[in-house]
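Working notes, beginning with the structure itself.
Please treat every number below as a calculation from the coordinates, not as lab data. Here the structure is a predicted model, which is why all the values come from computation and not from measurement. Here the Cβ is made from the backbone with ideal geometry for all residues, glycine too, and neighbour counts use every protein chain on show.
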Amino acid sequence: MERVYNFAAGPAVMPEEVLRRAAEEMLNYRGSGMSVMEMSHRSAAYQDIFDHTVGLFRQLMEIPENYAVLLLQGGATGQFAAVPMNLLHGSADYVDSGHFAHAAMLEAMKYGTVRCAASTREDGYCRVPAQNEIRADSRADYLYICTNNTIYGTSYSYVPESGVPIVADMSSNILSSPCDVRRYGAILAGAQKNIGPAGLTVVIVRRDLLGYARDTTPAVLNWTVMDEKGSMLNTPPTYAIYMAGLCLEWLRDQGGVQAIYARNCRKAALLYSYLDQSRLFHGKAEQGSRSLMNVTFTTGDKELDDAFVRGAAEHGLCALKGHRVAGGMRASIYNAMPEEGVRKLVDFMTRFEENTRKHR
Ligand SMILES: *Cc1c(COP(=O)(O)O)cnc(C)c1O
């Protein structure tokens, strides 16, 4: 059975080398006589795996000492509630730049006063707001942004400034390009896009923001408690953490974030430059807001879009259907998508365009 090029938005493609390594270590992890899945999370062998994964996060993202790295569960969606429970006391500002930013804002409203500081909802989320459109309150507890809007294929080319801590959902672009962690109060990310398998949620939080969770915060969502317990108040997602460690080793061996960023730029440029000259397909995100990770496009004709998605799948180019709320197509080209996959996609789009023109 041939492996396909998987353009799914998440869970998503993982490096083949990582999957092979996991398969080799599946039954007997490095002489332990058992699978990582079978290990006690309190064992020394497992603690080594855990510490190794956290260490790789710190190394690859250059996370300063005054930030805690928490490995949690509940997904980015769980953190939509955790963020206000840990940080919101007066009011918080949210930038509504897409589906998940909007969901995070609605969730936070359950816990306190939330202001929408900017929104591109009226524009169908085809772009992110510019800095001068964000009306941030200097007394807010934090400003919340989603750095990459997975469904609409948009992202920021700048880090919004507001004078208050920035909380950023980086689920779909963490580790894809250089990121100065010091510009953020807290970063959250579900693992299943650009880190590893589903089940793991990473939170990176500046330590001076710990200690303020409201009393009713569930312990598993309480960053302070989880930091004190080394993320092991209860059983962590042990296997997902091990797999994330293998993926981060792979990323390190590729040359780290700077090297993968250069490759990600080449991959995205291949697709966008094709879209810009195509007379059949067009990109959906505005030029200045284009995502490096999720490329959204359409022919403008639903039946033709469906035919394209089906035809591509027959050629081993899978999961190109856009999210149901956005329609059209979406190619998610995370770190683990090889350049060859993107070249194959552009070749197929070219042939599809030629054939469509012939039949018109
Ligand atoms: C996928 C995604 C989410 C939802 O993540 P879950 O882990 O399913 O809760 C939230 N935000 C962004 C930006 C995403 O891409």
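Numerical summary
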quantity	calculated
For the chain, the longest site-free run once GluC sites (Glu not before Pro) in DSSP loop states with at most 16 other Cβ atoms within 10 Å are removed	162-285
Point-to-point label distance, H41-E340, nm (Cα→Cβ direction, 7 Å offset)	3.8
Sparse-neighbour loop sites [trypsin sites (Lys or Arg not before Pro); the range 241-287; at most 11 other C-beta within 10 Å; DSSP]	R279
Förster radius 56 Å - calculated FRET efficiency between Q59 and E2 (Cβ-Cβ, nearest 0.05)	0.95
Selection of trypsin sites (Lys or Arg not before Pro), the range 101-195, meeting DSSP coil and at most 11 other Cβ within 10 Å	K110, R139
Rg(Cα)/(2.2 N^0.38 Å) for the range 256-358, N = residue count	1.03
Rounded to the nearest 20 debye, dipole of the chain from Cβ charges on Lys, Arg, Asp, Glu	580
Antiparallel DSSP beta bridges within the chain, percent to nearest 5	55
Overall dimensions of the chain as given by Cα atoms, namely Rg and Dmax in Å	20.9, 66
Estimated FRET transfer efficiency when R0 is 35 angstrom, pair A23-S157 (beta carbons, to 0.05)	0.35
Cα-based convex hull volume of the range 191-296 per residue, rounded to whole Å³	168
Contour minus Cα-Cα distance for D180 and R214 (0.36 nm per residue)	9.4 nm
Exceeding the 30 Å Cα-Cα cut-off - candidates K321/K358; K193/K229; K110/K267; K110/K193; K110/K302	K110/K267; K110/K302
